[in-house]
Amino acid sequence: MKRQSGFTLVEIAIVLVIIGLLLGGVLKGQELINQAKIKNIANDLNGITAAVYSYQDRFKRFPGDDSGAAARWTSPLAVSGNGDAVVGATGNTTILNCATDITENCQFWHHLRLAGFVGGDTAAGATGAGKLNPQNAAGGVLHVQQGALGLSGLVVCTSNLLGKIAGAIDAQFDDGNAITGTVRGTAVAAGLATSPPPANYIDDGSTVYTVCKQI
């Protein structure tokens, strides 16, 4: 009678242990990646807030709204704001694409770059790279506007954040609740209207959020 070959219990146990170690390593690696993204995005929000304060301290105006920008920077030429102490329109419903938009919300980035408070190309013009939205570590962009999600004044928003990352960012600066506090978040489809967000963050691995922080 021919003997049948197969795996012993010891061999199966060893394979299961190896699989467990591999899965544990993958999950740990993913957690480290998420933590790095959270740290990077938090640094972005802190950095933009500091840049705005520094710009105000030096020029006594908001970047983007600065009515003296064109006279101050002639090569490359800056586009001045209207000097009304408001950066762009109140409560934009979508994140502006600064590759094509020339509003104060986009000139904001050009002014900060020309002043040396934000890194990047300072090329001028309606489609100049100097006013492009900076990217974040999650593949989204940074955006500024006047009032959003029930927050008043100038706010900085960062997009394309999964629920886990969005909630962690909110908790790091505020109360961890998308609906309340000085940091709020909304699903991208909901836009950035002036009304408070309708629901808290959901960590389902697919829903992405835009988180806004009051400056």
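The values are calculated or read from the model by the stated rules, or taken from the named source; none is laboratory data. Every value quoted in this text rests on a predicted model; they were computed, and no experiment measured them. Glycine gets a Cβ as well: all are built from the backbone with ideal geometry, and neighbour counts include every protein chain shown.
Quick one: would you say LEU149 is under 30 Å from ASN177 (Cβ atoms), at pLDDT 95 or above and within 16 Å of the chain's Cα centre (by Cα)?
Details: under 30 Å from ASN177 (Cβ atoms): yes; at pLDDT 95 or above: no; within 16 Å of the chain's Cα centre (by Cα): yes.
No; evaluated as a whole, the condition is false for this residue.
Considering the stretch 151-172 alone, what residues qualify as being farther than 15 Å from LEU45 by Cβ, among the small types (Gly, Ala, Ser) and either buried (at least 16 other Cβ atoms within 10 Å of the Cβ) or touching a helix residue (DSSP H, G or I) at 6+ places or on another chain (Cβ under 9 Å) (or both)?
Matches in the stretch 151-172: GLY163 only.
Quick grid of which residues meet (1) surrounded by fewer than 23 Cβ atoms within 10 Å (Cβ to Cβ); (2) under 20 Å from the mean Cα position of the chain (by Cα); (3) closer than 21 Å to ASP44 by Cβ; (4) in contact (Cβ under 8 Å) with a residue 12 or more places away in the chain:
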| site | (1), (2), (3), (4) |
| --- | --- |
| ASP66 | no, no, no, yes |
| VAL79 | yes, no, no, yes |
| ALA85 | yes, no, no, yes |
| THR100 | yes, yes, no, yes |
| HIS110 | no, yes, yes, yes |
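Could you check, for the stretch 173-188, whether at least one of its residues is surrounded by 23 or more Cβ atoms within 10 Å (Cβ to Cβ), among the small types (Gly, Ala, Ser), in contact (Cβ under 8 Å) with a residue 24 or more places away in the chain and in contact with a helix residue (DSSP H, G or I) (Cβ under 9 Å, 6 or more places away or on another chain)?
In the first step, residues of the stretch 173-188 are kept if they are surrounded by 23 or more Cβ atoms within 10 Å (Cβ to Cβ); the result is 178, 183-186.
Next, only the ones that are among the small types (Gly, Ala, Ser) stay: 178, 185.
Keeping just the survivors that are in contact (Cβ under 8 Å) with a residue 24 or more places away in the chain gives 178, 185.
Retained after the next criterion (residues that are in contact with a helix residue (DSSP H, G or I) (Cβ under 9 Å, 6 or more places away or on another chain)): 178, 185.
Yes.
State the number of residues belonging to the stretch 202-215 that are out of contact with any Gly (no Cβ under 8 Å at 6 or more places or on another chain) and surrounded by 24 or more Cβ atoms within 10 Å (Cβ to Cβ).
Total satisfying the criteria: 1.
I'd like to know if the stretch 28-41 contains one or more residues that are β-branched (Val, Ile, Thr), free of Cβ contacts under 8 Å to residues at least 40 places away in the same chain and in a helix (DSSP H, G or I). Break it down into steps so the answer makes sense when it comes.
At the first step, the residues of the stretch 28-41 found to be β-branched (Val, Ile, Thr) are 33, 38, 41.
Now restrict to residues that are free of Cβ contacts under 8 Å to residues at least 40 places away in the same chain: 33.
Right, trim to in a helix (DSSP H, G or I) and you get 33.
The answer is yes; a qualifying residue exists.
Within the group ALA138, ALA199, ALA129, which residue is aliphatic (A, V, I, L, M), modelled with pLDDT of 90 or more and surrounded by fewer than 18 Cβ atoms within 10 Å (Cβ to Cβ)? If you could, list the steps in order and put the result at the bottom.
On the way: ALA138 fails: surrounded by fewer than 18 Cβ atoms within 10 Å (Cβ to Cβ); ALA129 fails: modelled with pLDDT of 90 or more.
Going through ALA138, ALA199, ALA129 in turn, the sole match is ALA199.
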